[in-house]
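FYI, it's all coordinate maths here, none of it is from the lab. Keep in mind the model is a prediction, meaning the values are calculated, not measured. Glycine also receives a Cβ, built like all others from the backbone with ideal geometry; neighbour counts cover every protein chain displayed.
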Amino acid sequence: MSEQFDASSTCAARLDAEDPLAHLRDEFIFPVTPGGEEEIYLVGNSLGLQPRAVRAYVDAELDKWGRLGVKGHVDTDVEPTFPWESYEESLTDQMATLVGALPSEVVVMNGLTVNLHLLMTSFYRPTTERFKVLIEEHAFPSDHFAVASQVRHHGRTAEEALVTVSPRPGEDLLHIDDIAAEIAEHGDQLALVLLPGVHYYTGQVFPMAEIVDTAHGVGALVGFDLAHAVGNIPLNLHDANMDFAAWCTYKYLNSGPGATAGCFVHERHLGRTDINRFEGWWGTDKETRFQMETVFDPIPTAEAWQLSNPPVFSMAPIRASLEVFEKAGGMGPLRDKSERQIAYLDYLLDAVLAGRVESITPRSFAQRGCQYSLRVVAEGHAGRGVFDALESAGVACDWRHPDVIRIAAVPLYNSFSDIHRFVQILDGILS
């Protein structure tokens, strides 16, 4: 992107005035500082802001519960109607569009790690010959714990079954060639590859379709943790051909702390009766579910992996969030804005903070979303101290051990002026 920037507040104001999505900021509620000013909220990579519509949507379900009691499960007296019995279905089409999947391949249910366990129950089926799982050396702890416990569940030790890939010495990012080399080396024994779509620590975007092709070429299945990808970068899960994926909805999807998660199962695995599952009532055929039979007849969609009826109060905020994505026109326009914000922040880091702050996030657009992982290199300034000073100055960001400050300019609600103010505050702290 060759756009001309400068370090003035006038430039930031101009960029905001030219932003066709600037009005979406009004769809969200910003925390305020003790002084009563809006925070510079750059931590949507950890917990997204609350959409203003959330309260009305949750209140509507509370009202329905009060008015109708158990009849709310099948209530059709409100337009648009969202009876609890099928509430998860109200999220499917929009979520599938957002992640580039068929509606039949997507379901909203449970939490992220629960979904990873349920999916690995189906897609990690080790044999005597093929039992290894490839993950990162420094995977997000929950993913590591889930995989290691699945391995133990099947009678193997992590030492014999886990294959890990690491950055090269002195580097922070993973090389696709190194991932491919590990897949090739362990190919005959490799059962599953489980990697992130976007790395939580560095913000690196992985070439998912390329990884899938490489792993499938040796006979392994492939899943992705998309916690830091969904709502951040454009996705095309169906065409990428991965076997499964799972994600949370409280980061870039702005659905609230602990909100119900999502998962994807490729259509080639749907409708099969030979797949092992941990089964529950909500995964059996909808037409016969309430006949209370004890023969499991899987729904011929990703809904077959459901266990229980939908947690309506945790799903209502997701409706509000997905509607904002629709107002934005989907991930295309949001990515266009995000790339402009990335280019602007790159410029400011180079022009104002060079030699004092470095970003370990890849520079190329193809390898990054809106997250920046910043390392303080200014002499006499400890990273943790700088983070604390940012928080005290009204900048919401987060700290990741041992030495990274993570920020994210989320295109749904962050302005170019937010970015400019952040850099000016950081410059002041380091000066």
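Under 8 Å for C-alpha pairs, at least 6 residues apart: give me the relative contact order for segment 63-326, rounded to a whole percent. Don't jump to the answer; show the numbers that get you there.
Working: 462 pairs, mean separation 59.3, N = 264.
It rounds to 22 percent for segment 63-326.
How large is the Rg to Rh ratio of segment 186-312 when both quantities use alpha carbon positions and Rh follows Kirkwood?
On the way: Rg = 16.4 Å, Rh = 16.2 Å.
So for segment 186-312, dividing Rg by the Kirkwood Rh gives 1.01.
Take the alpha-carbon centre of segment 188-244, take the same for segment 351-387, and report the distance between them in whole Å.
Between the Cα centre of segment 188-244 and that of segment 351-387, the gap is 26 Å.
I'm checking a number: the convex hull volume of the Cα atoms of the chain, normalised per residue, in Å³. What is it?
Details: hull volume 66.0 nm³, N = 431.
So the per-residue Cα hull volume is 153 Å³.
If each DSSP helix of 4+ residues adds -39,500 (n - 2.57) and the sum is divided by the residues in the chain, what number results at 222 nm, nearest 500 deg cm²/dmol?
Theoretical 222 nm ellipticity from helices: -11000 deg cm²/dmol.
Would you please name the GluC sites (Glu not before Pro) within segment 324-394 that are DSSP coil residues with at most 10 other C-beta atoms within 10 Å of their C-beta? Kindly include the intermediate steps, with their values, before the conclusion.
Details: sites: Glu326, Glu339, Glu358, Glu379, Glu391; in loops: Glu379.
Here the sparse-neighbourhood loop sites are Glu379.
Given the Cα-Cα distance of Arg55 and Ala181 and 0.36 nm per residue of separation, how much length would full extension add, in nm?
On the way: separation 126, 0.36 × 126 = 45.36 nm, distance 4.96 nm.
Separation in residues times 0.36 nm, less the Cα-Cα distance, equals 40.4 nm.
Compute the length gained on full extension between Thr294 and Arg277: take 0.36 nm times their separation in residues and subtract their Cα-Cα distance, giving the result in nm to one decimal. Mind dumping the intermediate values first?
On the way: separation 17, 0.36 × 17 = 6.12 nm, distance 1.53 nm.
Extending this stretch completely gives an extra 4.6 nm.
Choose one answer from His144, His238, His401: the residue with the largest mean-square fluctuation in a GNM of the chain with alpha-carbon springs under 10 Å.
Looking only at His144, His238, His401, the largest GNM fluctuation is found for His401.
Considering every pair of different Cα atoms, what Kirkwood radius, in Å, is found for segment 1-145?
Numbers: mean 1/r = 0.0480 Å⁻¹.
About 20.8 Å for segment 1-145.
List Asp19, Asp225 from most exposed to least, where exposure is judged by having the fewest other Cβ atoms within 10 Å. Please report the intermediate quantities before stating the final value.
Values: Asp19 17, Asp225 26.
By the 10 Å Cβ count, ascending: Asp19, Asp225.
How far is the Cα center of segment 106-151 from the Cα center of segment 7-22, in Å?
44
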